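Asks: I have a structure here, written as structure tokens, and I will follow up with some questions on it.
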Amino acid sequence: MGKLVLGCIADDFTGATDLANNLVRAGMRVVQAIGVPTTPLDADVDAVVVALKSRTIAPAEAIAQSLDALRWLQAQGARQIYFKYCSTFDSTPQGNIGPVTEALMDALQCDFTIATPAFPDNKRTVFKGYLFAGDVLLNESGMQNHPLTPMTDANLVRVLQAQCTRKVGLIDHTVVARGDAAITERIAQLKGEGVSIAIVDAVSNDDLLRLGPALATMPLVTAGSGVAIGLPANFGLAPSSQASALPAASGLRAIVSGSCSLATNRQVLDFIQRGGAALAIDPLRIAAGVDVAAEALAWAAPLVGKQPVLVYSTAEAGAVKSVQGQLGVEEAGAMVERTIAAIARGLVDQGVRQLVVAGGETSGACVQALGIAQMQIGPQIDPGVPWCHARAEAAKAAGGAGVHIALKSGNFGGDDFFTKAFTVLA
Ligand code: ADP
């Protein structure tokens with residue numbers, strides 16, 4: 001068994017994959033665990049990312065889950081802890097970024113940590129403590145209207161202070177630009193002023209790489225996925241193709257898609273226009289009691305041995321609204337997720353061993369249906385979306401077979417994603 005160095009706690013599922021992907025690209029071998037594992041780690045990796053679903057649950061529950069994850073990671077020997085949240089700092093006035101950060105600091109007896117969602121590759125930058133999404137401030141980016149975590153203030157010092165009892169300060173760009181010695185000096189100064197948590201400016205990957213060495217001895221780092229690019233070097237790790245090596249892919253290929261994002265709509269269309277075998281499923285027929293999953297599997301059976309198949313509920317906004325109007329938003333979502341998960345499971349039973357899933361919630365449902373508890377993170381297909389491999393033991397429900405799986409959240413991936421994915425694996 002190798003030595004686990006970095007233990008990560010992510011507050012949602014696709015965010016965990018995003019972090020794992022950045023760590024792999026910076027040279028770490030990474031496993032993502034779905035929830036807190038109940039057994040010891042049995043993979044030879046440098047980092048584990050424990051994926052929670054704690055972003056919008058009650059703060060006390062988020063703390064309990066995060067501490068549970070911390071205890072497991074410490075038991076596996078993790079030397080540094082990384083608390084990962086969204087690059088748009090998704091949180092409410094109650095949390096959960098602040099409360100979880102402080103609970104982890106207490107547990108780790110850590111007197112200082114940083115907080116920065118900066119992820120320049122994804123156009124999230126922090127300057128003078130203000131978070132930008134693309135060219136606009138966070139509170140003008142659409143995030144001010146988010147249904148669960150409306151972000152109405154782009155000043156992260158203020159936002160985090162409102163969630164914390166400890167004092168929050170800023171390491172601004174003039175300091176970050178001067179490198180890790182200046183950052184270390186600024187941290188000492190902030191500590192002297194009674195500050196325990198510092199928002200850190202970063203507008204480029206170079207900033208994040210300069211920040212990395214200053215974090216080497218910090219027991220806890222809190223950030224989006226961007227900071228991850230500067231951490232592996234602290235453990236003597238450099239980018240290598242070995243970090244993303246997965247077992248050789250074999251078996252049949254399929255795609256299931258429950259995402260209705262603009263990007264996924266384009267990807268479905270592109271796959272069909274290239275002559276791909278595709279079947280649309282109709283939520284209203286599921287609601288009418290038709291066994292749509294069985295129909296889809298009967299359709300796929302004679303085809304999947306010859307070519308990748310795509311089964312999708314992906315539809316354009318108007319059609320989705322109409323279905324939601326008839327069935328209810330939650331009911332429609334849950335029903336389609338259940339059906340697609342059953343199809344994914346059935347496809348694996350038919351011999352599919354390379355599976356692409358489109359949709360964040362849809363991915364959660366499929367991973368659960370396949371009984372996947374842990375995935376090794378492999379090569380990136382498009383930014384933020386790597387191939388993963390669930391070993392046989394980690395995917396018991398999948399007939400005891402190992403499965404390569406790519407989980408694509410809504411707006412990720414180029415138009416040719418469903419074709420490109422299999423090329424990357426080959
Ligand atoms: P994304 O990552 O694009 O947000 P998700 O899978 O997270 O994708 O969410 C899409 C939601 O829409 C899921 O709950 C899914 O079941 C639901 N859904 C998928 N297709 C349809 C459809 N045709 N009509 C209504 N709801 C749908």
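Asks: For segment 103-152, enumerate the residues that are assigned to a helix (DSSP H, G or I) and either closer than 19 Å to CYS164 by Cβ or of a type in the set (Phe, Trp, Tyr) (or both).
Replies: Within segment 103-152, ALA103, LEU104, MET105, ASP106, ALA107, LEU108, LEU138 qualify.
Asks: Name every residue in segment 316-344 that is touching a Cys at 6+ places or on another chain (Cβ under 8 Å) and either modelled with pLDDT under 95 or not small (Gly, Ala, Ser) (or both), in order of residue number.
Replies: Hits for segment 316-344 are GLU316, ALA317, VAL320, ILE340.
Asks: Oh, and also: List the pairs whose first member sits in segment 156-178 and is under 15 Å from LEU131 (Cβ atoms) and in a strand (DSSP E or B), whose second member is open to solvent by 50 Å² or more (accessible area, probe 1.4 Å) and at pLDDT 95 or above, and whose Cβ atoms are under 7 Å apart, counting only residues at least 6 apart or on separate chains?
Replies: From residues that are under 15 Å from LEU131 (Cβ atoms) and in a strand (DSSP E or B), the pairs are VAL168/GLN161; ILE171/ARG186.
Asks: Scan segment 308-356 for residues that are within 12 Å of the ligand (Cβ to nearest atom), open to solvent by less than 20 Å² (accessible area, probe 1.4 Å) and not in a helix (DSSP H, G or I) and jot them down.
Replies: Scanning segment 308-356 gives VAL311, SER313, THR314.
Asks: Would segment 372-379 turn up any residue that is in contact with a Leu (Cβ under 9 Å, 6 or more places away or on another chain), of a type in the set (A, V, I, L, M), assigned to a strand (DSSP E or B) and more than 29 Å from LEU41 (Cβ to Cβ)?
Replies: No.
Asks: Please go through segment 169-181 and give me each residue that is over 14 Å from ALA202 (Cβ atoms) and buried (at least 16 other Cβ atoms within 10 Å of the Cβ), ordered by number. Please lay out each step first, then the result.
Replies: We begin by selecting, within segment 169-181, every residue over 14 Å from ALA202 (Cβ atoms); these are 169, 181.
Within segment 169-181, GLY169 is the sole residue that qualifies.
Asks: Residues in segment 262-281: is at least one in contact with a Cys (Cβ under 7 Å, 6 or more places away or on another chain), among the hydrophobic types (A, V, I, L, M, F, W, C) and either at pLDDT 95 or above or open to solvent by less than 20 Å² (accessible area, probe 1.4 Å) (or both)?
Replies: no
Asks: Could you tell me which of the residues PRO232, PRO150 is under 23 Å from the mean Cα position of the chain (by Cα) and open to solvent by 20 Å² or more (accessible area, probe 1.4 Å)?
Replies: Exactly one of PRO232, PRO150 is under 23 Å from the mean Cα position of the chain (by Cα) and open to solvent by 20 Å² or more (accessible area, probe 1.4 Å), namely PRO150.
Asks: Go through (1) more than 13 Å from GLN374 (Cα to Cα); (2) touching a Leu at 6+ places or on another chain (Cβ under 7 Å); (3) open to solvent by less than 10 Å² (accessible area, probe 1.4 Å) and name the single condition ALA78 misses.
Replies: The one condition ALA78 does not meet is (3).
The values are calculated or read from the model by the stated rules, or taken from the named source; none is laboratory data. The model shown is predicted, which means the values in this text are computed figures rather than measured ones. Every residue, glycine as well, gets a Cβ built from its backbone with ideal geometry; the counts of neighbours run over all protein chains shown. These area figures cover heavy atoms from the full protein model, side chains too; ligands, DNA and RNA do not enter into them. Shrake-Rupley method; radii C 1.70, N 1.55, O 1.52, S 1.80 Å.
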